[in-house]
Amino acid sequence: MQLSMSGALLVLVLWCGLGAVKAVEQLQLKAAEHPIAFTGSKLCTSDILVIVIASQKRDTWKLQADTWLQHFPHYIATEQHTPKCKMCGSPEVTPHKGSLFEGALYFGDRFHHRPLDWYCAQQRPMQALARVLAQAQARASLPKWLVIIDDDTALHPWNALKMLTSKPADLNAKQVFGSELKGGAGFILSQGAMKNLTGPIMVNDMVWDRRSLRWTQQTDTTTTVMDACLERLLGGNWCYMHSDHVMGLCAKSANIQVLDRNGTMAQWCPVGTMLLDPKAVGGRVNNLRDATKADTKTQSWLTDHMVSCHYMDKTAMDSIYDMIKGTWAPASPSGQQGAAPSTQEAASSSGQAAPSGAQPAKQARRLAGSSRGR
């Protein structure tokens, strides 16, 4: 095949251009190593896809991989998987008070003047969710349930199964479990919600026809709710919002019910690194890191009611998992259902509020914050 000089130059330009573009890292799906099935139900942890929102700057997600995450199929999403971040204005002065985007803040000055990494991290969950849903759609295999969770959060596999097989949970309904104000404990999306987010919406361009004196349709564009939410987030009026708020607003925009499970999905885990303190932005240091040293009430809540718990370090993650593991039977290749522990059989399916009597901090510690600055 012969090329003209202009054609050769064009090929060279295209080749050089492609070489200069940094490829987005492909999200890799890891299968569940030790799936768990729920007694009397067809639901198994392998039916629940987990997206962990992590960072290349730390490897706390490995604590999850060594504990509860091995029971679920999952993706680990970091900056390399969602390398796009759109700032509204100068990265040096964020956000701009009195500017177009100031109204995008829920809590006044709480999210002013955070590091650039923090602002870009708020855009990671929705971008990761969009990529995972697009991959699932391409395979025509949306999961029954999807969990999107921070890399410093623990998930109780058995109690998650129990919650998702009890009312009001319905995989066909448009539901999201979680809190747009306390989302560190994660969000759980039903298949019905995922279908709604990826469903088409029509956007029409209308132009004024001065001859007929009426508006006429010029073009129509088919997009999705997910794409519309990303457009608002990446440079739109959600630009400076916390990722939890974006998740809640996107769900509500798609007519998806957001169900707050504060009693079982705890933003402030009684065993972990931080405790709620209304007087301190971001909470205060928690010295209770070992679940075996917690009081009986806290241990009972962790084993029988807790679905997810935020603000974990290695000691907290390991001790909670050691306390709950082995109390269920793994799913057999034939699909035989696991056996429930007696304490969990007696637990109320409606959930119990997280205990408030966690031990107070006795000395200040410098702790690494969450990748999304909860």
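The values are calculated or read from the model by the stated rules, or taken from the named source; none is laboratory data. Just so it is clear, the structure is predicted and the values come from calculations on it, not from any experiment. Neighbour counts are summed over all protein chains in view; Cβ atoms, including those assigned to glycine, are modelled from backbone coordinates with ideal geometry. Side chains included, ligands, DNA and RNA excluded: accessible areas come from the protein's heavy atoms. Shrake-Rupley method; radii C 1.70, N 1.55, O 1.52, S 1.80 Å.
Accessible surface calculations at 1.4 Å, restricted to protein heavy atoms, place segment 166-222 at 59 Å² per residue.
Extension gain for the segment Q257 to Q80, taken as residue separation times 0.36 nm less the Cα-Cα distance, is 60.6 nm to one decimal. Packing, taken as the mean count of other beta carbons within 10 Å per residue, orders the peptides 125-135, 265-275, 56-66 from highest to lowest as 265-275, 125-135, 56-66. At full extension, R211 and D117 could sit 28.5 nm farther apart than now, given 0.36 nm per residue minus the alpha carbon distance. With the highest mean first, a sort of the peptides 241-247, 213-219 on other beta-carbon atoms found within 10 angstrom per residue produces 241-247, 213-219. Here the label points at A65 and H34, each 7 Å from Cα along the C-beta direction, are separated by 1.7 nm in the simple model. Using a simple spin-label model with pseudo-atoms 7 Å out from Cα toward Cβ, I201 and K297 lie 4.4 nm apart.
Over 15 Å apart: what share of the alpha carbon pairs of segment 184-240 falls there, rounded to a whole percent? More than 15 Å apart: 67 percent of the Cα pairs in segment 184-240. Residues whose amide H comes within less than 5 Å of that of I51, counting only those at least five positions distant or on another chain, are Y75, V147, I148, I149 (H built at 1.01 Å from N in the peptide plane). Taking the square roots of five times each eigenvalue of the Cα gyration tensor of segment 277-330, the equivalent ellipsoid has semi-axes of 23, 12, 11 Å, listed largest first.
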